[in-house]
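Structure first, commentary second.
The values are calculated or read from the model by the stated rules, or taken from the named source; none is laboratory data. The model shown is predicted, which means the values in this text are computed figures rather than measured ones. As a convention, Cβ positions derive from the backbone with ideal geometry for all residues, glycine included, and neighbour counts pool all protein chains shown. Accessible surface is based on the protein model in full, side chains and every heavy atom, while ligands, DNA and RNA are left aside. Shrake-Rupley method; radii C 1.70, N 1.55, O 1.52, S 1.80 Å.
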Amino acid sequence: MPVPLRSVAVPPASLDRFETVLGQRAAREMFAAMRAGREVLGDRVVWSFNSTERGGGVAEMLRSLLAYARGTGIDARWMVLEGTPELFAVTKRIHNRLHGSRGDSGGLGDAERAVYEEALHEAGREAAALVSPGDIVLLHDPQTAGLAPALAGSGAHVGWRSHIGMDLQNDIGHEAVRFLLPYLGDAEAYIFSRRVYAWPELDAARVHVIPPSIDAFSPKNEPLDRATVHAILHAAGLADGTASGVARFTREDGSPGRVDRRAEVHQDSVLSFRTPLVVQVSRWDRLKDHVGVLRGFAEHVAPHTPAHLMLAGPAAGSVTDDPESGDVLGEILEAWHDLPAAVRRQVHVACLPMDDTDENGAVVNALQRHARVVVQKSLAEGFGLTVAEAMWKGRPVIGSRVGGIQDQIVDGVTGFLLRDPGDLADFGRHLRMLLQDPKLATRMGRAGKRRVARSFLGPRHLIQYLRLFERLVEREATPAPPSPAPVR
């Protein structure tokens, strides 16, 4: 069954707004880099292919970066693979293994390769017909890696962007690497979030490191005053009490929006605005360790503080390329039901509507701004942009010393890094410390916001991509060396 490609409309956004965030000198450097990149690209199209337009950090980053690229005059376009459940079952298996996790323990053999190639064959033909020689193509994650041969054959410059990886390579990860390598031999660039994620089997000369970023002006990150935060949480059904503000936010296109949809919340008590709140926002994925967060809070925090915990994620079934999310949510709710009644009243599990991604972002924004502490206790993580999002809002973050989380949190300065994500007592100790010492929490939150402004905003990210594109275009005048034979 053919997998259709669907175009996602992205309205342009101006980078002028970053002058107030970056300062004049950094803003001048940003505009100069944009002009240079635009001149090199000329009338080339920059294509991005991924497997979903909503749910998860990749889709959010694409929406933001492509909007700013278009705002500078670059013809940037976004195509989404609408895959089959069978395809996404295979790619979720690859995803888990690239994180070093066995996942569902299923195979990655000839049968899975046949599913993968059959699903992507027609999409590859369609994609190759869209692009022109000299265009730039970015393929994101395992779902789109199989398109690389067809697109390279059309004369485009193809780069594969992996948003996932593991700190230490293991045999489980190598299964996924061996599966994907045959499709990536003709890619001119391999882009990873961290240097240690790059596979040793790849040509090192083609490896590039570009950490991800957040958009400071998106509905998820725009400034919100306290009254608006309360109004949004009240409108979404996440908190009770009098809300004097209006549940409004600014959409990506600059138009006004309002939160109307209510979350599905599993709880035995309604959160009060006066109650200290701990929040983790993430997809329903076992590697995010929601159950570990829940148990660590229940055993080591709830008996000692009046704080509440909210685990928030997308509405079940709303992220099409993540077939395990429903099962994971069920496991979380089972663990919640097993808590003692008194502790269960301090824990909330919220499924946030995804019908309107801007509205969803506004609710996440309000949750993170209302939280005293934000946590991201992942067992494995590609990068974990919820950390940068929370730091941008001036919140201290407790995260695991895994993946890109350790590149964002400065331990003891902007939050705390857990050496062992499975040590629930250590997690609870650090969480109690921040809940019981507001001055420490405030100091860490301010330091975190400064760090994000320096290192994790969109202009830095976009400039790195433009410099990579310049290198790819410059190679047109130089005959390319033959591609090395892929290792299988």
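Quick notes on this one:
- Residue match in segment 283-293 (condition: basic (Lys, Arg) and open to solvent by 50 Å² or more (accessible area, probe 1.4 Å)): yes
- Residue in segment 364-385 that is nearest to residue 431 (Cα to Cα), counting only those that are open to solvent by 10 Å² or more (accessible area, probe 1.4 Å) and more than 16 Å from the chain's Cα centre (by Cα): 372
- Helices (runs of 4 or more DSSP H) fully within segment 240-347 counting 1 or more residues that are under 23 Å from the mean Cα position of the chain (by Cα): 290-300, 325-337
- Condition met for residue 180 (within 21 Å of residue 453 (Cβ to Cβ) and modelled with pLDDT of 95 or more): no
- The set of residues in segment 240-261 that are open to solvent by less than 30 Å² (accessible area, probe 1.4 Å) and modelled with pLDDT of 95 or more comprises 247, 249, 257, 259.
- Pairs meeting the criteria (first residue in segment 406-431 and without any contact (Cβ under 8 Å) to a residue 24 or more places away in the chain, second residue in a loop (DSSP other than H, G, I, E, B) and open to solvent by 60 Å² or more (accessible area, probe 1.4 Å), beta carbons under 6 Å, at least 6 apart or on different chains) are 417/401; 419/401.
- Residue among 215, 167 that alone is surrounded by 23 or more Cβ atoms within 10 Å (Cβ to Cβ) and not basic (Lys, Arg): 215
- Within segment 416-471, tally of residues that are of a type in the set (Lys, Arg) and under 18 Å from residue 301 (Cα atoms): 2
- Among the residues making up segment 386-415, a single one is surrounded by 24 or more Cβ atoms within 10 Å (Cβ to Cβ) and more than 18 Å from residue 282 (Cβ to Cβ): 414.
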